Amino acid sequence: MTALATLDGFGCTVRYSPGARERAVVVAERVDRAAGWLTERLGFAPRIRLSVADAADWDAVATVPLYGTPQGAEDHLRVAADDGWFGAELFAAIRPHLGAGSIAALRAEYGEPPALRPYFDLVAVHELTHLFQDQVWPAYPGMWIAELHANLAMVGYAHEVEPELLPALRAFTATVDELPVEVTPIRELVDMERSFERGAINFGWYHFSLTRVAERLWAAAGAEGLRALYEHIRAGGNAEHPVLRGVAAEWNRPARIGAGG
(Lines give C-alpha, C1' and ligand atoms only; values in the text may rest on other atoms or scores of the structure.)
Protein backbone atom coordinates (compact mmCIF):
# COMPACT_ATOMS: atom_id res chain seq x y z
CA MET A 1 0.00 0.00 0.00
CA THR A 2 1.26 3.46 -0.88
CA ALA A 3 0.80 6.35 1.52
CA LEU A 4 -2.59 7.96 0.98
CA ALA A 5 -2.59 11.71 0.44
CA THR A 6 -4.79 14.05 2.46
CA LEU A 7 -7.38 16.33 0.90
CA ASP A 8 -8.28 19.44 2.90
CA GLY A 9 -11.28 21.74 2.74
CA PHE A 10 -14.10 19.30 3.49
CA GLY A 11 -16.26 18.54 6.48
CA CYS A 12 -14.83 15.05 6.78
CA THR A 13 -11.27 13.77 6.87
CA VAL A 14 -10.37 12.73 3.30
CA ARG A 15 -7.53 10.50 2.14
CA TYR A 16 -6.96 9.27 -1.39
CA SER A 17 -4.67 7.08 -3.47
CA PRO A 18 -2.03 8.70 -5.70
CA GLY A 19 -3.62 9.75 -8.97
CA ALA A 20 -7.15 9.79 -7.52
CA ARG A 21 -7.32 13.43 -6.41
CA GLU A 22 -9.96 14.46 -8.96
CA ARG A 23 -12.18 11.52 -8.04
CA ALA A 24 -11.60 12.22 -4.33
CA VAL A 25 -12.87 15.80 -4.75
CA VAL A 26 -16.06 14.60 -6.47
CA VAL A 27 -16.69 11.95 -3.82
CA ALA A 28 -15.91 14.30 -0.91
CA GLU A 29 -18.30 16.90 -2.29
CA ARG A 30 -21.09 14.32 -2.43
CA VAL A 31 -20.27 13.05 1.05
CA ASP A 32 -20.43 16.59 2.42
CA ARG A 33 -23.79 17.14 0.72
CA ALA A 34 -25.18 13.82 1.88
CA ALA A 35 -23.83 14.17 5.43
CA GLY A 36 -25.42 17.62 5.70
CA TRP A 37 -28.72 16.29 4.40
CA LEU A 38 -28.66 13.30 6.75
CA THR A 39 -27.68 15.43 9.74
CA GLU A 40 -30.64 17.67 9.05
CA ARG A 41 -33.00 14.71 8.73
CA LEU A 42 -31.65 12.57 11.60
CA GLY A 43 -30.50 15.20 14.09
CA PHE A 44 -27.00 13.81 14.46
CA ALA A 45 -23.59 14.71 13.02
CA PRO A 46 -21.24 11.70 12.97
CA ARG A 47 -17.47 11.49 12.76
CA ILE A 48 -16.56 10.71 9.15
CA ARG A 49 -13.31 9.48 7.65
CA LEU A 50 -13.39 9.08 3.88
CA SER A 51 -10.90 6.95 1.94
CA VAL A 52 -10.98 7.07 -1.87
CA ALA A 53 -8.77 4.13 -2.71
CA ASP A 54 -7.60 2.49 -5.92
CA ALA A 55 -7.25 -1.25 -6.49
CA ALA A 56 -3.73 -1.31 -5.04
CA ASP A 57 -4.87 0.32 -1.78
CA TRP A 58 -8.35 -1.15 -1.45
CA ASP A 59 -7.57 -4.19 0.68
CA ALA A 60 -5.64 -2.02 3.14
CA VAL A 61 -8.61 0.28 3.84
CA ALA A 62 -11.65 -1.94 3.21
CA THR A 63 -13.11 -4.68 5.36
CA VAL A 64 -14.49 -6.68 2.41
CA PRO A 65 -12.36 -7.22 -0.73
CA LEU A 66 -15.10 -6.27 -3.21
CA TYR A 67 -13.40 -3.48 -5.11
CA GLY A 68 -15.90 -1.07 -6.60
CA THR A 69 -18.70 -1.15 -4.04
CA PRO A 70 -18.58 1.47 -1.25
CA GLN A 71 -18.30 0.30 2.35
CA GLY A 72 -19.18 2.17 5.52
CA ALA A 73 -18.88 1.20 9.18
CA GLU A 74 -18.24 2.99 12.47
CA ASP A 75 -16.64 6.27 11.30
CA HIS A 76 -15.00 5.11 8.05
CA LEU A 77 -16.46 5.35 4.54
CA ARG A 78 -14.50 3.71 1.72
CA VAL A 79 -15.18 4.49 -1.94
CA ALA A 80 -13.37 3.14 -5.01
CA ALA A 81 -11.22 5.49 -7.06
CA ASP A 82 -12.65 4.07 -10.30
CA ASP A 83 -15.44 1.76 -11.46
CA GLY A 84 -13.70 -1.29 -10.01
CA TRP A 85 -14.51 -4.90 -10.83
CA PHE A 86 -17.39 -5.64 -8.46
CA GLY A 87 -20.12 -3.89 -10.45
CA ALA A 88 -19.05 -5.54 -13.69
CA GLU A 89 -19.05 -8.98 -12.07
CA LEU A 90 -22.47 -8.42 -10.50
CA PHE A 91 -23.89 -7.25 -13.82
CA ALA A 92 -22.34 -10.25 -15.61
CA ALA A 93 -24.14 -12.56 -13.16
CA ILE A 94 -27.45 -10.75 -13.63
CA ARG A 95 -27.37 -10.22 -17.40
CA PRO A 96 -28.18 -13.80 -18.54
CA HIS A 97 -31.52 -13.54 -16.75
CA LEU A 98 -32.61 -10.27 -18.35
CA GLY A 99 -34.95 -9.81 -21.26
CA ALA A 100 -34.22 -7.60 -24.24
CA GLY A 101 -36.23 -4.70 -22.80
CA SER A 102 -34.25 -4.61 -19.56
CA ILE A 103 -30.93 -4.86 -21.38
CA ALA A 104 -31.94 -1.99 -23.66
CA ALA A 105 -32.97 0.13 -20.65
CA LEU A 106 -29.65 -0.54 -18.94
CA ARG A 107 -27.73 0.23 -22.11
CA ALA A 108 -29.57 3.53 -22.44
CA GLU A 109 -28.73 4.47 -18.86
CA TYR A 110 -25.22 3.06 -18.45
CA GLY A 111 -23.83 2.47 -21.93
CA GLU A 112 -22.28 -0.70 -23.30
CA PRO A 113 -20.40 -2.16 -21.58
CA PRO A 114 -22.23 -0.65 -18.61
CA ALA A 115 -20.42 1.96 -16.53
CA LEU A 116 -22.27 1.56 -13.23
CA ARG A 117 -20.55 4.35 -11.30
CA PRO A 118 -23.72 6.52 -11.01
CA TYR A 119 -25.47 3.66 -9.23
CA PHE A 120 -22.58 3.04 -6.85
CA ASP A 121 -22.26 6.77 -6.19
CA LEU A 122 -25.70 6.51 -4.60
CA VAL A 123 -24.69 3.34 -2.76
CA ALA A 124 -22.02 5.53 -1.13
CA VAL A 125 -24.87 7.52 0.45
CA HIS A 126 -26.38 4.24 1.67
CA GLU A 127 -23.03 3.30 3.21
CA LEU A 128 -22.61 6.75 4.73
CA THR A 129 -25.91 6.17 6.53
CA HIS A 130 -24.35 3.20 8.30
CA LEU A 131 -22.01 5.65 10.05
CA PHE A 132 -25.05 7.51 11.37
CA GLN A 133 -26.41 4.18 12.59
CA ASP A 134 -23.22 2.74 14.08
CA GLN A 135 -22.43 5.84 16.15
CA VAL A 136 -25.90 6.12 17.69
CA TRP A 137 -27.79 2.83 17.73
CA PRO A 138 -27.17 0.89 20.96
CA ALA A 139 -27.37 -2.49 19.24
CA TYR A 140 -27.43 -3.87 15.73
CA PRO A 141 -31.08 -4.46 14.77
CA GLY A 142 -30.36 -7.13 12.16
CA MET A 143 -29.17 -6.74 8.59
CA TRP A 144 -32.48 -6.28 6.81
CA ILE A 145 -33.53 -3.47 9.15
CA ALA A 146 -30.19 -1.64 8.93
CA GLU A 147 -30.11 -2.08 5.15
CA LEU A 148 -33.72 -0.95 4.69
CA HIS A 149 -33.06 2.20 6.72
CA ALA A 150 -29.89 2.93 4.74
CA ASN A 151 -31.80 2.38 1.49
CA LEU A 152 -34.52 4.72 2.69
CA ALA A 153 -31.86 7.37 3.28
CA MET A 154 -30.34 6.72 -0.14
CA VAL A 155 -33.72 6.99 -1.87
CA GLY A 156 -34.64 10.13 0.06
CA TYR A 157 -31.33 11.77 -0.75
CA ALA A 158 -31.77 11.00 -4.43
CA HIS A 159 -35.27 12.45 -4.44
CA GLU A 160 -34.38 15.64 -2.59
CA VAL A 161 -30.77 16.38 -3.52
CA GLU A 162 -29.74 14.59 -6.72
CA PRO A 163 -32.92 13.56 -8.55
CA GLU A 164 -30.93 13.23 -11.78
CA LEU A 165 -29.53 9.99 -10.33
CA LEU A 166 -32.96 8.39 -9.84
CA PRO A 167 -33.09 6.87 -13.37
CA ALA A 168 -29.73 5.18 -12.75
CA LEU A 169 -30.93 3.88 -9.40
CA ARG A 170 -34.17 2.52 -10.82
CA ALA A 171 -32.70 1.00 -13.97
CA PHE A 172 -30.34 -1.30 -12.08
CA THR A 173 -32.79 -1.98 -9.25
CA ALA A 174 -35.46 -3.06 -11.76
CA THR A 175 -33.41 -6.10 -12.70
CA VAL A 176 -34.67 -7.74 -9.51
CA ASP A 177 -37.95 -8.49 -11.30
CA GLU A 178 -36.21 -10.98 -13.58
CA LEU A 179 -33.94 -12.79 -11.15
CA PRO A 180 -35.26 -16.36 -10.77
CA VAL A 181 -35.40 -18.18 -7.48
CA GLU A 182 -32.96 -20.75 -8.87
CA VAL A 183 -30.12 -18.23 -8.64
CA THR A 184 -31.43 -16.27 -5.63
CA PRO A 185 -32.83 -19.05 -3.45
CA ILE A 186 -32.21 -17.33 -0.09
CA ARG A 187 -35.14 -14.92 0.23
CA GLU A 188 -36.43 -14.76 3.80
CA LEU A 189 -35.82 -11.38 5.42
CA VAL A 190 -34.08 -12.87 8.43
CA ASP A 191 -31.71 -14.78 6.15
CA MET A 192 -30.22 -11.74 4.44
CA GLU A 193 -26.98 -12.04 6.38
CA ARG A 194 -26.25 -15.44 4.82
CA SER A 195 -27.23 -14.49 1.27
CA PHE A 196 -23.59 -14.21 0.19
CA GLU A 197 -23.44 -18.00 0.55
CA ARG A 198 -25.01 -17.97 -2.92
CA GLY A 199 -22.88 -15.14 -4.21
CA ALA A 200 -23.29 -11.42 -4.73
CA ILE A 201 -26.31 -11.94 -6.98
CA ASN A 202 -28.38 -13.22 -4.05
CA PHE A 203 -27.31 -10.31 -1.86
CA GLY A 204 -28.10 -8.02 -4.79
CA TRP A 205 -31.61 -9.46 -4.89
CA TYR A 206 -32.13 -8.39 -1.28
CA HIS A 207 -30.58 -4.97 -1.82
CA PHE A 208 -32.67 -4.25 -4.91
CA SER A 209 -35.83 -5.55 -3.25
CA LEU A 210 -35.29 -3.39 -0.18
CA THR A 211 -34.60 -0.40 -2.42
CA ARG A 212 -38.01 -0.94 -3.99
CA VAL A 213 -39.58 -1.08 -0.53
CA ALA A 214 -37.69 2.07 0.45
CA GLU A 215 -39.12 3.90 -2.57
CA ARG A 216 -42.60 3.00 -1.44
CA LEU A 217 -41.90 4.05 2.16
CA TRP A 218 -40.38 7.36 1.08
CA ALA A 219 -43.45 8.10 -1.04
CA ALA A 220 -45.67 7.35 1.97
CA ALA A 221 -43.81 9.08 4.80
CA GLY A 222 -40.75 10.91 3.45
CA ALA A 223 -38.18 12.32 5.85
CA GLU A 224 -40.49 11.86 8.84
CA GLY A 225 -40.52 8.12 8.24
CA LEU A 226 -36.73 8.05 7.92
CA ARG A 227 -36.32 9.88 11.24
CA ALA A 228 -38.98 7.76 12.97
CA LEU A 229 -37.21 4.49 12.15
CA TYR A 230 -33.85 5.96 13.19
CA GLU A 231 -35.21 7.10 16.54
CA HIS A 232 -37.04 3.81 17.10
CA ILE A 233 -33.81 1.81 16.85
CA ARG A 234 -31.94 4.50 18.80
CA ALA A 235 -34.39 3.98 21.66
CA GLY A 236 -33.69 0.24 21.70
CA GLY A 237 -36.58 -0.83 19.47
CA ASN A 238 -36.46 -3.44 16.77
CA ALA A 239 -38.77 -5.16 14.29
CA GLU A 240 -41.90 -4.40 16.32
CA HIS A 241 -42.13 -0.94 14.72
CA PRO A 242 -45.38 -0.79 12.66
CA VAL A 243 -43.54 0.02 9.44
CA LEU A 244 -41.13 -2.86 9.91
CA ARG A 245 -43.96 -5.22 10.83
CA GLY A 246 -45.71 -4.18 7.63
CA VAL A 247 -42.62 -4.80 5.50
CA ALA A 248 -42.17 -8.24 7.05
CA ALA A 249 -45.84 -9.12 6.52
CA GLU A 250 -45.74 -8.14 2.85
CA TRP A 251 -42.32 -9.61 2.07
CA ASN A 252 -43.29 -13.03 0.74
CA ARG A 253 -46.57 -12.13 -0.91
CA PRO A 254 -46.58 -12.56 -4.70
CA ALA A 255 -47.50 -8.90 -5.27
CA ARG A 256 -44.65 -7.63 -3.07
CA ILE A 257 -42.63 -4.84 -4.61
CA GLY A 258 -39.51 -6.35 -6.09
CA ALA A 259 -40.78 -9.93 -5.81
CA GLY A 260 -38.86 -11.12 -8.85
CA GLY A 261 -38.50 -14.63 -10.24
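The values are calculated or read from the model by the stated rules, or taken from the named source; none is laboratory data. Computed from a prediction, not measured in an experiment: that's the story for all the values here. Quick reminder, even Gly has a Cβ in these numbers, built from the backbone with ideal geometry, and neighbours come from all protein chains shown.
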Selected residue [within 21 Å of Tyr140 (Cα to Cα), modelled with pLDDT of 95 or more, of a type in the set (A, V, I, L, M) and in a helix (DSSP H, G or I)] from Ala248, Ala219: Ala248
Qualifying residue in the range 156-165 (condition: of a type in the set (Asp, Glu), surrounded by fewer than 16 Cβ atoms within 10 Å (Cβ to Cβ) and free of Cβ contacts under 8 Å to residues at least 40 places away in the same chain): yes
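Name the one entry in Ala53, Ala35, Ala80 that is in contact with a Phe, Trp or Tyr (Cβ under 8 Å, 6 or more places away or on another chain), crowded, with 18+ Cβ neighbours inside 10 Å, among the small types (Gly, Ala, Ser) and more than 21 Å from Phe208 (Cα to Cα). Walk me through it before giving the result.
Working: Ala35 fails: in contact with a Phe, Trp or Tyr (Cβ under 8 Å, 6 or more places away or on another chain); Ala80 fails: more than 21 Å from Phe208 (Cα to Cα).
Criteria check complete, one pass: Ala53.
Per-residue answers, yes or no, for (1) over 19 Å from Asp134 (Cβ atoms); (2) among the polar types (S, T, N, Q):
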{"residue": "Thr6", "(1), (2)": "yes, yes"}
{"residue": "Val26", "(1), (2)": "yes, no"}
{"residue": "Glu29", "(1), (2)": "yes, no"}
{"residue": "Ala62", "(1), (2)": "no, no"}
{"residue": "Gly68", "(1), (2)": "yes, no"}
{"residue": "His76", "(1), (2)": "no, no"}
{"residue": "Ala88", "(1), (2)": "yes, no"}
{"residue": "Ala100", "(1), (2)": "yes, no"}
{"residue": "Glu109", "(1), (2)": "yes, no"}
Any chance Ala139 is loosely packed, with under 15 Cβ neighbours inside 10 Å, hydrophobic (A, V, I, L, M, F, W, C) and touching a residue at least 24 places away in the same chain (Cβ under 8 Å): yes
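Across the range 39-60, what is the total count of residues that are within 19 Å of Gln135 (Cα to Cα), among the aliphatic types (A, V, I, L, M) and either within 18 Å of the chain's Cα centre (by Cα) or in a strand (DSSP E or B) (or both)?
Within the range 39-60, the first condition is being within 19 Å of Gln135 (Cα to Cα), and the residues that meet it are 39-51.
This time we only want the ones that are among the aliphatic types (A, V, I, L, M), so: 42, 45, 48, 50.
Then drop every residue that is not either within 18 Å of the chain's Cα centre (by Cα) or in a strand (DSSP E or B) (or both), which leaves 42, 48, 50.
The qualifying residues number 3.
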Residues located in the range 9-38, provided they are in contact (Cβ under 8 Å) with a residue 40 or more places away in the chain and in a helix (DSSP H, G or I): Arg23, Ala24, Val27, Arg30, Val31, Arg33, Ala34, Ala35, Trp37, Leu38
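Taking the options Val155, Val176, Val181, Val161, name whichever one is in contact with a helix residue (DSSP H, G or I) (Cβ under 9 Å, 6 or more places away or on another chain), hydrophobic (A, V, I, L, M, F, W, C), more than 23 Å from Leu131 (Cβ to Cβ) and at pLDDT 95 or above.
Val176 is the lone residue from the list that is in contact with a helix residue (DSSP H, G or I) (Cβ under 9 Å, 6 or more places away or on another chain), hydrophobic (A, V, I, L, M, F, W, C), more than 23 Å from Leu131 (Cβ to Cβ) and at pLDDT 95 or above.
Listed residues Val26, Val14; which is buried (at least 16 other Cβ atoms within 10 Å of the Cβ) and within 30 Å of Tyr230 (Cβ to Cβ)? Reasoning before the result, please.
Working: Val26 fails: buried (at least 16 other Cβ atoms within 10 Å of the Cβ).
Exactly one residue qualifies, and that residue is Val14.
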